[in-house]
Amino acid sequence: MAMKTVALLHPGEMGAAIGACLGGRGLRVVWASAGRSAGTRARAKAAGLEDLGPLERALDVADIVLSVCPPHGALALAREVAGHGFSGVYIDANAVSPGTVRDIGRVLEASEATFVDGGIIGPPPVAGASSRIYLSGGRAKDIAGLFAGSNLEAIPLEGPAGAASALKACYAAWTKGATALLAAIRALATHEGVEAALLEEWKRSQHELAKRSEVITVQARKAWRWIGEMEEIAASFEAAGLPGGFHLAAAELYRRLEGFKNGAGPPALAQVTAAIRRKVSPVGRRKSIAQREKEEAPARFKFGTAAVKRDAAKRLRSLKRS
């Protein structure tokens with residue numbers, strides 16, 4: 001099948017830059033503006049994307065759908081596309097866990113689409129940037145060829161769908177996870193009145209950490225995008241039998257920085273530290289997989305005479321206390 005038209009869903013900073021890469025390779029890149037913001041429309045226009053209005057119109061002409069959206073919306077978007085009967089190649093390039101991407105793949109394959117898993121590492125691909133998209137699953141090599149010579153290097157992996165997302169999760173677990181950890185350490189040091197001493201010790205023994213701990217000021221305006229990504233990374237760890245708490249904590253830290261979204265410029269470190277230290281309501285926080293399973297598990301029936309005797313003894317003790 002010749003692949004000439006790509007429907008890009010939806011062009012944020014990263015998506016618009018990728019769309020420009022594909023357009024520069026001679027592909028027709030379309031998008032669906034229905035329900036999108038003025039900012040998204042402006043980015044799409046600047047990237048040279050063709051607006052077809054409703055989603056179904058974009059899907060009708062597309063050979064490929066490229067999904068680049070916040071992680072929490074990735075599965076819902078896949079279901080929406082599948083619901084329109086799309087049967088071309090669907091690339092999920094979102095920062096989701098291998099488990100989530102496999103769920104997305106099953107949704108698309110049920111509608112007879114071909115699924116490709118993608119993991120983007122690096123900034124939006126513009127001239128001078130170093131950015132890569134790793135691809136796995138069906139037709140990964142064919143899709144990689146579409147980016148040849150563009151600002152986005154495409155690297156096909158031998159593994160099935162899930163491999164590209166696993167690589168992305170492992171990479172971001174360190175880069176974005178470490179940024180959150182260092183920011184929290186600075187906040188703790190400030191709270192305890194030892195920040196100056198910590199910085200002096202870092203200068204002696206870990207000289208790169210002082211500068212790295214201030215990266216959070218540059219990232220604060222887009223920290224809201226990383227909440228879902230940290231939660232997906234936590235799910236990845238838990239699915240592998242590893243603790244997910246590191247990245248649930250990172251998600252909570254980035255949630256505390258949501259107020260800096262769309263700021264005019266990077267906030268001061270003191271502002272970021274104050275935001276990190278403020279307490280927030282637990283409502284809406286993601287629970288770990290283990291916590292959810294524990295809460296959702298039905299009460300188990302206890303078998304055997306010993307269990308019955310234990311229950312009877314507990315009830316008797318309770319009656320005596322009352």
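Laid out as a table, the results:
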item	result
Helix axis angle, 226-239 relative to the chain longest principal axis, alpha carbon, degrees	60 degrees
Accessible area expressed per residue, the chain, with surrounding protein chains retained (probe 1.4 Å, Å²)	53 Å²
Net length gained if the chain between Glu158 and Val218 were fully extended (0.36 nm per residue, minus Cα distance)	18.1 nm
Among Pro11, Ala82, His247 - extreme Cα towards positive end, dipole of the chain, charges at beta-carbon	His247
Radius of gyration, Dmax [region 1-125; alpha carbons; angstrom]	13.2, 35
Contour minus Cα-Cα distance for Ser205 and Glu80 (0.36 nm per residue)	39.8 nm
Protein-only accessible surface order, largest first, of His191, His247, His10 at 1.4 Å	His191, His10, His247
Förster-model FRET efficiency, 22 Å R0, Trp174 and Ala239, C-beta, rounded to 0.05	0.75
Paramagnetic reach from His72 in region 100-114 [backbone N under 18 Å; point 7 Å along Cα→Cβ]	100-101
Region 2-26 and region 37-96: distance between their alpha carbon centers, rounded to Å	10 Å
In Å², nearest 10: area of Leu52 left accessible to a 1.4 Å probe	10 Å²
Of Lys168/Lys261; Lys141/Lys222; Lys45/Lys222; Lys45/Lys168; Lys4/Lys222, pairs whose Cα-Cα distance is over 26 Å	Lys141/Lys222; Lys45/Lys168; Lys4/Lys222
Accessible-area value, Cys170, 1.4 Å probe, nucleic acids and ligands omitted, Å²	100 Å²
Glu13/Asp103 FRET efficiency (R0 22 Å; Cβ-Cβ; nearest 0.05)	0.25
Cα long-axis angle, helix 195-205 against the chain (0 to 90 degrees, to the nearest 10)	70 degrees
For the chain: rounded, prolate or oblate by the Cα gyration tensor [a/c cutoff 1.5]	oblate
Percent carbon-and-sulfur accessible area, the chain, ignoring ligands, DNA and RNA, probe 1.4 Å	56 percent
Mean Cβ neighbour count within 10 Å, used as a protection proxy, ranking 111-120, 57-66, 262-271, 144-153 highest first	111-120, 57-66, 144-153, 262-271
Reciprocal mean inverse distance between Cα atoms of region 57-159 - Kirkwood radius, Å	13.8 Å
Reach of Lys203 by Cα under 15 Å, taken over aspartates and glutamates that are not fewer than 8 positions away in the same chain	Glu195, Glu214
Helix axis angle, 163-192 relative to the chain longest principal axis, alpha carbon, degrees	50 degrees
With all protein chains modelled, accessible area of Phe246 [1.4 Å, Å²]	150 Å²
Ala127/Ala197 FRET efficiency (R0 56 Å; Cβ-Cβ; nearest 0.05)	0.80
Unit charges on C-beta of K, R, D, E only; dipole of the chain, Debye	1680 debye
Shape call, region 119-161: gyration tensor on alpha carbons, a/c limit 1.5	oblate
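The values are calculated or read from the model by the stated rules, or taken from the named source; none is laboratory data. The structure presented is a predicted model; accordingly, all values stated were derived computationally and were not measured. Here the Cβ is made from the backbone with ideal geometry for all residues, glycine too, and neighbour counts use every protein chain on show. Ligands, DNA and RNA are excluded from the accessible area calculation, which covers all protein heavy atoms including side chains. Shrake-Rupley method; radii C 1.70, N 1.55, O 1.52, S 1.80 Å.
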